[in-house]
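Readers should treat all values here as calculations from the given coordinates under stated rules, not as data from a laboratory. Everything numeric here is computed off the predicted structure, so don't read it as measured data. Cβ placement follows ideal geometry from the backbone for every residue including glycine, while neighbour counts extend to all protein chains displayed.
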Amino acid sequence: MSAYMNRSAAEYWGLNWPKDIAVMEPSGRGGPCYVTWAEILERRRKWQAERLARKRTVPEPRVRPCYVWVFHNPSWLYQGWWCYVVTLRDRIAVNFRTFHSQLAMSLMAEIPVGVVPDRTNFRSWMEAFADQYPRRTTHHRQAGTVLGWIQDGRIFTRLKP
């Protein structure tokens, strides 16, 4: 048999199954396989336990490739120095609408350009970064990039053990 039959269908067709049988499933051996309510409840408990374990398990932080992009926007709209961390999926603005100080301090510490890592020196760091790691200018603006890795909001220019 290659079809499932639940208990309500069996009762409709007049089949008299024992009370503990819930479903008739096809088996690979050719004949039907009867599944009891206890087996169904055990499958549900196992599935729920696995699902809870997946939800409770904290995944290892992923190390993703990225590049740090610093540029100066000379136009009157959004004028100034901007820093982004660009990954394959998203572009994280370090200082656009909010200031991500943890990420900025990680950048300044990992990519030394002769500026003391301090929140107040971030603009000076961006200027020195663009001078030290120049990128071919686009749209008449000064820019710089460095390849690296990001993990948990921290930047690494090389993988560390």
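A Gaussian network model of the chain, with springs between Cα atoms under 10 Å, assigns the largest mean-square fluctuation among Gln132, Gln79, Gln142 to Gln79. Work out which trypsin sites (Lys or Arg not before Pro) in the chain are exposed loop sites (DSSP not H, G, I, E or B, at most 15 other Cβ within 10 Å) and give the longest gap free of them. Here the longest segment lacking exposed loop sites spans 98-135. Figure legend: label point modelled 7 angstrom from the Cα of Ala10 along Cα→Cβ; residues of segment 32-70 with amide N under 12 Å from it are 32-38. Under conditions of 20 °C and 1.002 mPa s, segment 5-56 yields 170 µm² s⁻¹ as its translational diffusion coefficient, taking Rh as the Kirkwood radius over Cα pairs in the Stokes-Einstein equation. Take the Kirkwood radius over Cα pairs of the chain, plug it into Stokes-Einstein at 20 °C and 1.002 mPa s, and you get 103 µm²/s for translational diffusion. Along the chain, the exposed loop sites are chymotrypsin sites (Phe, Trp or Tyr not before Pro) outside DSSP states H, G, I, E and B with at most 10 other Cβ atoms within 10 Å, and the longest stretch free of them is 79-161. Summing charges over all other residues whose Cβ lies under 13 Å from the Cβ of Gly144, with Lys and Arg as +1 and Asp and Glu as -1, gives +1.
Residue by residue, segment 37-44 carries 3J(HN,Hα) couplings of 4, 4, 5, 5, 5, 5, 4, 5 Hz when phi is fed to the Karplus relation 6.51 cos²θ - 1.76 cosθ + 1.60 (θ = phi - 60°); x denotes Gly or Pro. Here the extension length gained between Ser27 and Leu88 equals 17.4 nm, from 0.36 nm per residue of separation less the Cα-Cα distance.
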